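The values are calculated or read from the model by the stated rules, or taken from the named source; none is laboratory data. Keep in mind it's a predicted model, so treat the numbers as computed, not measured. Cβ placement follows ideal geometry from the backbone for every residue including glycine, while neighbour counts extend to all protein chains displayed.
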Amino acid sequence: MPLTRHSDITDGLIQRPARISPKYFYDQKGSRLFEAITRLPEYYPTRTENALMQTHGADIARAAGAVRTVIELGAGNCEKARALCGWVRPACFVGVDISADYLQQAVQRLREQVPGLDARAVAGDMTQGVVLPPDIPAEGRLVFYPGSSIGNFDPPHALDLLRHMRGLIDNDGGLLIGIDLPKDVALLEAAYDDAAGVTAAFNLNVLAHLNRLIGSDFVEDQWGHRAFFNDEHSRIEMHLEALEPIRVRWPAGERRFAAGERIHTENSYKYPLPAFTALLAQAGFSRAQAWTDGQAWFATVLALP
Ligand code: AVI
């Protein structure tokens, strides 16, 4: 039985051009496909960020100072948190994610892997505001937002989120955040349009998810995956393109698409480091230290008040 409260979805579908929020990528199948993306040869961000943590973990921990609690936003499988906790040795970990069951399992695994760690799971949409358990001390908090997920928000929304992160910490806290940097367009486009077609499957899967949520009748085969770099906005854009004239219906409406018409499904901004540092400053972080790989593809940034 489709839920009717997803008016954000139907509002997006009737816009011109139509839009679907990337948050709808992450049903069970979408989360699995995203994990597969992170292991693709073309998708450099995850392995580059992991290597940065391995190489510079000790320096990052030193620069972060005494950390009592790591708060990971969009924690997912908590794998990156495990590596970070090995370096900063917090007493407490709070994982925040929209997918409650998945998060519970990941936090339980983390408890087993890091004996003595007081690991908690907070289910919720971080974009709606994070509410931490009341007994988490205000001092010594390190907010952790890896994976360059901040790039999936348009800059004004990214700024709101960074301000919210600043609000989660006291003056002795910090934010450790992953940023994907601009680079050769062919490398970027391959990362979002891989030869094995995993990213295409990830993009198309959003249609099946929408069918379940709003009772629409999208047929995946009628759509094609498009991913390209938009130089003006320094972002990868993902779209679904109608391969033929299509009429999509749902209980309270419909939308016709001409062949070639697109639905915009995701932006992934690639920030030059100075532009991102300026955004951090606007959000109330006056100091930033960055670690990058040899090719300057990705940066791990420690932002302090
Ligand atoms: C989650 N996020 C950082 C990914 C990205 O690279 O923008 C989502 C993604 N979309 C396609 N591939 C990966």
In the range 201-255, how many are within 16 Å of the ligand (Cβ to nearest atom), outside any strand (DSSP E or B) and in contact with a Gly (Cβ under 8 Å, 6 or more places away or on another chain)? 4
Glu241 being under 22 Å from Ser149 (Cβ atoms), of a type in the set (Asp, Glu) and modelled with pLDDT of 95 or more: no
Count - residues of the range 211-243 that are touching a helix residue (DSSP H, G or I) at 6+ places or on another chain (Cβ under 7 Å) and farther than 16 Å from Arg262 by Cα: 4
Filter result for Ala201 (over 19 Å from Arg256 (Cα atoms), touching a residue at least 60 places away in the same chain (Cβ under 8 Å) and assigned by TED's automatic domain parsing to the domain that holds Phe257): yes
Go through the range 87-114 residue by residue and tally those that are closer than 19 Å to His164 by Cα and assigned to a loop (DSSP other than H, G, I, E, B). 1
Scope the range 276-305; condition of a type outside the set (A, V, I, L, M, F, W, C), closer than 14 Å to Asp172 by Cβ and touching a Phe, Trp or Tyr at 6+ places or on another chain (Cβ under 9 Å); matching residues: Pro305
Residues being more than 16 Å from the ligand (Cβ to nearest atom), assigned to a loop (DSSP other than H, G, I, E, B) and in contact with a Pro (Cβ under 9 Å, 6 or more places away or on another chain): count how many of those fall in the range 115-151. 2
When only residues in the range 56-80 that are touching a residue at least 60 places away in the same chain (Cβ under 8 Å), part of a helix (DSSP H, G or I) and over 18 Å from the mean Cα position of the chain (by Cα) count, which is surrounded by the fewest Cβ atoms within 10 Å (Cβ to Cβ)? Asp59
Please count how many residues of the range 284-305 are within 26 Å of Asp231 (Cβ to Cβ) and either over 19 Å from the mean Cα position of the chain (by Cα) or assigned to a strand (DSSP E or B) (or both). 11
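So which of Ser31, Ser21 is under 25 Å from Ala227 (Cβ atoms), without any contact (Cβ under 8 Å) to a residue 40 or more places away in the chain and touching a helix residue (DSSP H, G or I) at 6+ places or on another chain (Cβ under 9 Å)?
Criteria check complete, one pass: Ser21.
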Scanning the range 245-273 for residues that are in contact with a Phe, Trp or Tyr (Cβ under 9 Å, 6 or more places away or on another chain) and free of Cβ contacts under 8 Å to residues at least 24 places away in the same chain, which turns out surrounded by the most Cβ atoms within 10 Å (Cβ to Cβ)? Pro245
Could you count how many residues in the range 162-183 are away from the ligand (no atom under 13 Å from the Cβ) and either buried (at least 18 other Cβ atoms within 10 Å of the Cβ) or in a helix (DSSP H, G or I) (or both)? 13
Could you list, in sequence order, all residues of the range 15-55 that are within 14 Å of the ligand (Cβ to nearest atom), in a helix (DSSP H, G or I) and farther than 30 Å from Arg89 by Cβ? Pro22, Lys23, Tyr24, Phe25, Gly30, Arg32, Leu33, Ala36, Ile37
